[in-house]
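Please read the structure below before turning to the comments.
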Amino acid sequence: MSLPEEPKIRIQNVSYSYGGQPALSSVTLDVPANAISVFFGPAGGGKTTLLRLINRLNDLVEGTQMAGSILLDGQDLYAPEVNVTELRRRVGMVFALPLPLPGTVRENVLYGPQLAGVGDRTIQDEILMRSLTQAALWDEVKDRLDDPAVALSGGQQQRLCIARSLALEPQVLLLDEPTSGLDPISTAKVENSLFQLKENYTIIIVPHSVQQAARVADYAAFFLMGELIEHRPGNEIFVTPHHQRTEDYVTGRFG
């Protein structure tokens with residue numbers, strides 16, 4: 001499996017620090033379109049920081065410094081002309097803890113489209129069904145659309161958060177340990193939905209375990225103390241890693 005010539009996201013020599021403490025050091029990698037890329041490694045490796053930089057969630061964090069560039073379809077995400085609100089419509093993010101909004105299942109999914117001016121009920125219904133289906137949740141909630149979102153199980157709430165992001169039809173979906181608090185059955189449902197979603201979306205996930213990383217990765221990047229150690233196809237890096245530190249981590253010798 002070889003990387004496409006034109007990546008969806010190109011990360012070039014990115015370094016980042018909080019209060020003078022380095023979180024990322026000269027990270028360069030390409031993220032291909034329509035694939036699942038996994039950022040994995042021990043805590044404190046910089047994985048979540050890099051996700052937040054792609055989504056520009058760190059813009060208002062004081063005492064930080066960034067060098068390098070992040071390109072989406074060739075456009076520098078930190079260029080002055082970039083509309084950050086529009087960027088976050090193109091790059092959705094789902095966090096470790098499911099955070100449903102107050103209101104019903106329907107209101108959660110349609111929150112973004114309604115803010116964007118989608119008022120036609122027929123179009124709303126299409127968005128609702130499409131997003132919940134893509135998140136592998138439609139069959140479970142189609143008769144509960146007007147129930148409170150908080151009445152769903154934890155696994156259902158997490159898939160609802162994925163559906164809420166998909167309702168805006170982003171190009172990229174960022175997932176930060178989205179199954180860390182879920183049981184194995186719910187975890188499997190989320191993972192299975194990712195395999196279907198990659199046909200239409202570029203997905204980057206920080207997994208909650210090496211085992212999950214190996215299950216879902218088309219491509220995998222191993223991070224250690226802010227450094228990118230290696231980035232290779234998933235069916236290679238977990239079987240024949242090139243670096244000793246990667247091998248030590250994936251075999252459980254440390255971390």
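A compact table of results
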| read-out | value |
| --- | --- |
| Highest average packing first - 135-142, 185-192, Cβ atoms within 10 Å | 135-142, 185-192 |
| Using θ = phi - 60° and Karplus 6.51 cos²θ - 1.76 cosθ + 1.60, couplings along the range 233-249 (whole Hz; Gly, Pro as x) | x, x, 6, 10, 5, 8, 10, 10, x, 7, 10, 4, 5, 5, 4, 4, 6 |
| Built amide H within the under 5 Å cut-off of residue 171, gap 5+ | 91, 92 |
| Residue 223 long-range amide H proximity, modeled H, under 5 Å | 40, 41, 229 |
| Most mobile of 231, 242, 208 in a GNM of the chain (Cα contacts under 10 Å) | 242 |
| Integer Hz, Karplus 6.51/-1.76/1.60 couplings in order for the range 171-181, x for Gly and Pro | 8, 10, 10, 9, 10, 9, 6, x, 10, 4, x |
| Peptide ranges 61-70, 124-133, 33-42 listed from the most packed, as the mean C-beta count within 10 angstrom indicates | 33-42, 124-133, 61-70 |
| Contact order relative to length of the chain, as percent, for alpha carbon pairs under 8 angstrom and 6 or more apart | 27 percent |
| Of all DSSP beta bridges in the chain, antiparallel share, percent nearest 5 | 60 percent |
| Alpha carbon convex hull of the chain, projected area averaged over orientations, nm² | 14.0 nm² |
| Cα-centre dipole for the chain with unit charges at Cβ (Lys and Arg positive, Asp and Glu negative), debye to 20 | 260 debye |
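Since every read-out is calculated from the coordinates, none of them should be taken as a lab result. No experiment lies behind these values; they were computed from the predicted model shown. We place every Cβ from the backbone using ideal geometry, glycine too, and count neighbours over all the protein chains shown.
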